[in-house]
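K.L.:
The following block contains the structure, expressed as structure tokens.
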Amino acid sequence: MNNNDIVQTWLSRIGLVLILSYCLLASIFFSYFAQMHLSLSFLPFPIFIGEIVMGGCLLLLAGICENGQLLQPKTVILLCLYFGWVLVRALVSYHHEGSLALRNAALFYYPIFAVFGYCFYQKARISRKFFILSAFLAGGILFFKVMSVWYWSIYVTIYVTAVLNTKSVNWRRFGWLFLAFIFLLGKEYFYQGSRAHFVSVLGTIIFLGAYFGALLAKKRHYLILGLLLISLVIYALGYRIFSEQNTVSSLSLKEMIKRYEMYDQHYQEKITQFVPEKLDVHLYNPKKITDVMPPPTNTIPVLQTAPSSTASISAMSNPSASSSNVSSPTMQESLKSFIDNNVLRNRVRETRSMDVNEANIVFRLFVWRDMASELIEKKAWWGFSFGHPQRSKSLEALNWAEIEWRRDGWIAPHNSFFHIIYRAGILGILFIGVFFFLMGRLVGDFFDLNSIEGGFLVGALVYWIILSNFFVILEFPYNAIVIWTLFGITLAYRDELKHGLKKQDT
């Protein structure tokens, strides 16, 4: 190795450690860690720790690029055009409409972590022993401390990549060990989360079953293929036995349509007298929802029993856990909140009533319907500016999520991909198309390369992709940085395998 290679290697390792340390701490402390920030006297907005990490990675990437070429020139030009567009649009929106533009801009600039993950992994040259040790250390901390249904894919990915990076793998033994690992995770991780979590897990398992089924059939490993089918049957039986009845029942399309029509009828009665209020727009919530909970101002009719308790009203007003505590505390306040609220606990959600479950489904449908109507009505083919406060007249007419939209002046879309289209229009559709094209290429290339590890890495991404259709995922750093970094590393790993085969052929 020459001096340039040594510099690239160490800068890349520092970059990976910086990002992965953030991901680990965000997985443990969740929003309490992500909300830590610096307040500078000459800036009217705080700089959060995710943006500080991003700035550090940019400096490291600049140092690496001075010592060699990492990406093809065409790729560099396209990336510069894309991030230049994000920067210009964010600054223009901020100038005209305020600091909310910076929050929505994050949806488009967090993909830079895919670039970091790709470049750093490519040059880091991390040894296999170091990787295995780090994987099991991180996995142990997450498994025994976090116990979170949201990060189940991380446990599986760490376990699989660590096992498969050993020198030799007994596939039959690996299959049984993996099945035992799934069993040890317990029913809470696979059956007791929200419906969005359950659908995401189910979609991931369907993908993994299809991928490995085709791969094993191609290799004629019929015994292992049978083990895979047994695992799927066990999962299906567990769904029937362990899933919460409210979760199972509320997945019924017939019931969903019935609830939607009922609430929509109530909305049609309210909309005739509805006049939108003029609201102040705030970038961050000054208080927690529980600190500003007013008495309910409206009773929504339900099929059987209405959620009359304060807890139920709170759940309907705040269907997403990601938006329940998004204040901007100092580092000291974050640590105090962490201790007071006992963050290191089992985050398996408490059982909610059927009515609250159904209202949460309709909540999202109303928000998405109003977003689509606004795009069509305003003919916003290129999307709305980053600073435009997105509101839902359906929710406001029904007084749903009243605490959030009155306090903030906007409502979260609860669908990251739809949010991309809402903010970028045709360019947003193009962005999503390119992303899914790259995902398809990853699946095809890993399948051609007979890669077991690649299948599990894509499977972890599939989980987050599905979940992003129901929650605020790609907008928040403690999710987005994890996802985009994993995406970049997966692309780099694919290229490493392809180049390795080319070297062997040569």
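K.L.:
How about the stretch 461-504: which of its residues are farther than 22 Å from residue 100 by Cα, acidic (Asp, Glu) and at pLDDT 90 or above?
P.N.:
495
K.L.:
Which of the residues spanning the stretch 60-74 are in contact (Cβ under 8 Å) with a residue 40 or more places away in the chain and in a loop (DSSP other than H, G, I, E, B)? Lay out the reasoning, then the answer.
P.N.:
First, the residues of the stretch 60-74 that are in contact (Cβ under 8 Å) with a residue 40 or more places away in the chain: 60-61, 63-64, 67-68, 70-71.
Residues satisfying the conditions are 67, 68, 70, 71.
K.L.:
So, in the stretch 414-434, exactly how many residues are at positive phi and surrounded by 18 or more Cβ atoms within 10 Å (Cβ to Cβ)?
P.N.:
Step one: of the stretch 414-434, the residues at positive phi are 414, 425.
Still in the list and also surrounded by 18 or more Cβ atoms within 10 Å (Cβ to Cβ): 414.
The number of residues fulfilling the criteria is 1.
K.L.:
Given the conditions (1) of a type outside the set (A, V, I, L, M); (2) under 23 Å from residue 110 (Cβ atoms); (3) in contact (Cβ under 8 Å) with a residue 24 or more places away in the chain; (4) open to solvent by less than 30 Å² (accessible area, probe 1.4 Å), and given that residue 382 satisfies all but one, which numbered condition is not satisfied?
P.N.:
(4)
K.L.:
OK, next. Can you name the number of the only condition in (1) of a type outside the set (Asp, Glu); (2) surrounded by fewer than 21 Cβ atoms within 10 Å (Cβ to Cβ); (3) closer than 16 Å to residue 281 by Cα that residue 392 fails?
P.N.:
The failed condition is (2).
K.L.:
Looking at the stretch 84-105 only, could you name the residues that are over 14 Å from residue 388 (Cα atoms) and open to solvent by less than 50 Å² (accessible area, probe 1.4 Å)? Break it down stepwise before answering.
P.N.:
Within the stretch 84-105, the first condition is being over 14 Å from residue 388 (Cα atoms), and the residues that meet it are 84-88.
Across the stretch 84-105, the qualifying residues are 84, 86.
K.L.:
Take residue 77 and tell me if it is surrounded by 14 or more Cβ atoms within 10 Å (Cβ to Cβ), without any contact (Cβ under 8 Å) to a residue 24 or more places away in the chain and not small (Gly, Ala, Ser).
P.N.:
On the way: surrounded by 14 or more Cβ atoms within 10 Å (Cβ to Cβ): no; without any contact (Cβ under 8 Å) to a residue 24 or more places away in the chain: yes; not small (Gly, Ala, Ser): yes.
It is false that residue 77 is surrounded by 14 or more Cβ atoms within 10 Å (Cβ to Cβ), without any contact (Cβ under 8 Å) to a residue 24 or more places away in the chain and not small (Gly, Ala, Ser).
K.L.:
Take the stretch 253-280 and flag every residue that is assigned to a helix (DSSP H, G or I), charged (D, E, K, R) and open to solvent by 50 Å² or more (accessible area, probe 1.4 Å).
P.N.:
Applying the first criterion (assigned to a helix (DSSP H, G or I)) to the stretch 253-280 yields 253-271.
Among the residues that remain, those that are also charged (D, E, K, R) are: 254-255, 258-259, 261, 264, 269-270.
The answer is 254, 255, 258, 261, 269, 270.
K.L.:
Which ones in the stretch 435-463 are open to solvent by 30 Å² or more (accessible area, probe 1.4 Å) and β-branched (Val, Ile, Thr)?
P.N.:
Result: 443, single match.
K.L.:
Taking the stated definitions as given, is residue 412 of a type in the set (Gly, Ala, Ser) and more than 18 Å from the chain's Cα centre (by Cα)?
P.N.:
The answer is no for residue 412.
K.L.:
Please verify whether residue 71 is open to solvent by 30 Å² or more (accessible area, probe 1.4 Å), modelled with pLDDT under 95, hydrophobic (A, V, I, L, M, F, W, C) and within 22 Å of residue 428 (Cβ to Cβ), treating the condition exactly as stated. Break it down stepwise before answering.
P.N.:
Details: open to solvent by 30 Å² or more (accessible area, probe 1.4 Å): yes; modelled with pLDDT under 95: yes; hydrophobic (A, V, I, L, M, F, W, C): yes; within 22 Å of residue 428 (Cβ to Cβ): no.
No.
K.L.:
Just to verify a result, which residue in the stretch 1-52, among those that are among the aliphatic types (A, V, I, L, M), open to solvent by 70 Å² or more (accessible area, probe 1.4 Å) and not in a helix (DSSP H, G or I), is farthest from residue 478 (Cα to Cα)?
P.N.:
Looking at the filtered set, the residue picked out is 1.
The values are calculated or read from the model by the stated rules, or taken from the named source; none is laboratory data. Predicted, not measured: the structure shown is a model, and the values here were computed from it. Don't worry about glycine lacking a Cβ; one is built from the backbone with ideal geometry, like all the others, and counts go over all protein chains shown. Heads up: the accessible areas ignore ligands, DNA and RNA and are worked out on the full protein's heavy atoms, side chains in. Shrake-Rupley method; radii C 1.70, N 1.55, O 1.52, S 1.80 Å.
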